[in-house]
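Values in this text are rule-based calculations from the coordinates and carry no lab data. Predicted model only: the values in this text are computed from it and were never measured. Here the Cβ positions follow ideal geometry from the backbone for every residue, glycine too, while neighbour counts run over all protein chains shown.
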Amino acid sequence: MRRVLFLIIQLALAALAGYWGGQQVRRDTVIATAPQPTPPVAAPAPPRSAAPAAAAAANLSISYRLAVEHAAPSVVTVYSARTAAVGPFGVGGRRLLSRGLGSGVVINGNGHIVTNNHVVEGATELAVATPDGTLRPTKVLGVDPDSDLALLAVDAKGLQPIEIGDAKNLAVGDVVLAVGNPLGVGQTVTQGIVSAIGRKGIGINPIENFIQTDAAINPGNSGGALIDTAGRLVGINSAILSRGGGSEGIGFAIPVDLAQRVIASLEQSGRVARGWLGVSTQEMPPGQSGALVAALSRGGPADKAGILPGDIIVKIGQHTIDEPNDLVSAILQLEPGTRVQIDVVRDAKRQAFDVELGTRPPLRRAPSAGR
């Protein structure tokens with residue numbers, strides 16, 4: 001009996017072992033044959049040229065909001081009017097002859113505002129409107145027709161001076177913003193790039209060293225701010241070249257470093273004293289550079305230094321002279337009494353002269369190429 005019972009127990013244990021083994025084999029089989037997750041396929045490495053392209057795309061999405069918020073409170077609107085008396089001694093009141101509109105930039109904490117000379121030229125009445133629309137009476141501290149700059153003064157209360165940038169750090173292709181009041185529609189911001197540096201020979205001002213930009217500039221923008229993407233002032237918008245009077249993507253701004261020198265003189269004396277060489281020059285034949293001395297003022301600085309008619313001026317100080325306009329611009333940026341080396345070519349030989357500049361008589365402004 002015991003033997004039979006022992007046999008039954010062994011058979012039962014064998015059956016259980018077989019069942020368990022079958023389950024393990026089935027589980028192992030399922031695990032082995034179940035679909036495995038496909039490992040992620042690494043994306044092919046982008047070509048090296050894709051990195052700059054991606055960076056350029058990212059730059060296009062950047063907002064200039066912070067730059068505008070930083071600079072816009074410092075840009076004002078300049079209203080001008082020219083009136084005339086109706087009757088003798090003004091007993092009949094005054095009649096309006098013309099109105100003008102421009103922009104200006106709060107340049108310091110004294111309530112001084114820089115704008116273009118042509119914005120205020122000939123005006124008998126002036127007022128400045130702050131960005132909130134408040135009108136403030138305005139007086140002219142001084143003007144400089146040669147650079148087309150003027151300095152105004154208003155009550156400084158609540159005004160925010162603009163942060164000054166460095167125009168010498170600008171390069172062609174840099175993004176710039178123009179802030180002003182074009183056509184009287186209200187403060188407006190336009191965006192563009194620096195198209196050229198040191199643009200000259202336009203025939204707008206006696207002194208030309210413009211920043212050229214394609215940021216839209218229209219009548220009313222004159223005297224407003226050209227700022228960099230950090231909201232710092234790099235130029236004073238001054239003029240455009242246009243066939244129809246509107247913006248065609250060729251605008252000019254006076255570099256802020258030149259504006260600062262003019263402002264300092266206007267604050268000190270109300271005018272800008274400029275150097276004088278005492279020569280009349282003409283252009284060289286095609287293919288040749290320099291300014292040909294056609295005549296000299298007797299007893300003038302050039303005459304005293306030994307420069308002669310027929311000499312070709314090729315350099316003054318650090319400025320290379322390619323044409324007569326270069327000479328005019330270089331001289332006008334120097335003060336009377338400045339001693340400067342002038343290089344000339346005489347009889348195919350280069351000579352250097354040490355010249356002490358005199359005080360220049362007033363120049364008539366060149367015809368405007370469009371404002």
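Cross-link partners among aspartates and glutamates for Lys200, C-alpha distance below 17 Å, same-chain residues fewer than 8 apart left out?
Asp146, Asp148, Glu208, Asp214, Asp257, Glu283, Asp322, Glu323, Asp326
Using alpha-carbon positions, what is the distance between the centroids of the range 190-242 and the range 105-149, in Å?
Value for the Cα centre distance between the two parts: 18 Å.
Would you kindly give the portion of the calculated P(r) for the range 167-269 that falls above 22 Å, as a percent of all Cα pairs? Don't skip to the end; give the middle numbers.
Values: 1275 of 5253 pairs.
The proportion of pairs with Cα distances above 22 Å equals 24 percent.
So between Val172 and Ile62, what do we pick up on full extension, going 0.36 nm a residue minus the alpha carbon distance?
On the way: separation 110, 0.36 × 110 = 39.60 nm, distance 1.93 nm.
Full-extension gain reported as 37.7 nm.
How do Lys315, Lys349, Lys304 line up, fewest other C-beta atoms within 10 Å first? Provide the component values of the computation, followed by the final result.
Values: Lys315 20, Lys349 7, Lys304 15.
Starting with the residue having the fewest Cβ neighbours, the order is Lys349, Lys304, Lys315.
Lys157: which lysines have alpha carbons under 23 Å from its alpha carbon, excluding same-chain residues fewer than 8 sequence positions away?
Cross-link targets: Lys139.
Taking 0.36 nm per residue of sequence separation and subtracting the Cα-Cα distance, how much length would be gained by fully extending the chain between Thr124 and Leu241, in nm to one decimal?
Numbers: separation 117, 0.36 × 117 = 42.12 nm, distance 2.81 nm.
Between Thr124 and Leu241, full extension yields an extra 39.3 nm.
Modelled label-to-label distance, Glu356 and Ile197, 7 Å Cα→beta-carbon offset: nm?
In this crude spin-label approximation the distance works out to 3.6 nm.
What ranking, highest mean first, results for peptides 260-267, 168-175, 211-218 when packing means the other Cβ atoms within 10 Å averaged over each residue? Numbers along the way, then the final one.
Numbers: 260-267: 18.5, 168-175: 12.6, 211-218: 23.9.
Highest-to-lowest ranking by the protection proxy: 211-218, 260-267, 168-175.
Evaluate 2.2 N^0.38 Å with N set to the residue count of the range 73-153, then give the Cα radius of gyration divided by it.
Numbers: Rg = 13.7 Å, N = 81, 2.2 N^0.38 = 11.7 Å.
Compactness ratio reported: 1.17.
How much length is gained on full extension from Lys139 to Leu183, taking 0.36 nm per residue of separation minus their Cα-Cα distance? Don't jump to the answer; show the numbers that get you there.
Working: separation 44, 0.36 × 44 = 15.84 nm, distance 2.31 nm.
Extra length available between Lys139 and Leu183 comes to 13.5 nm.
What is the set of long-range amide H partners of Gly235 at a cut-off below 5 Å, with H atoms built 1.01 Å from backbone N?
Leu226, Val256
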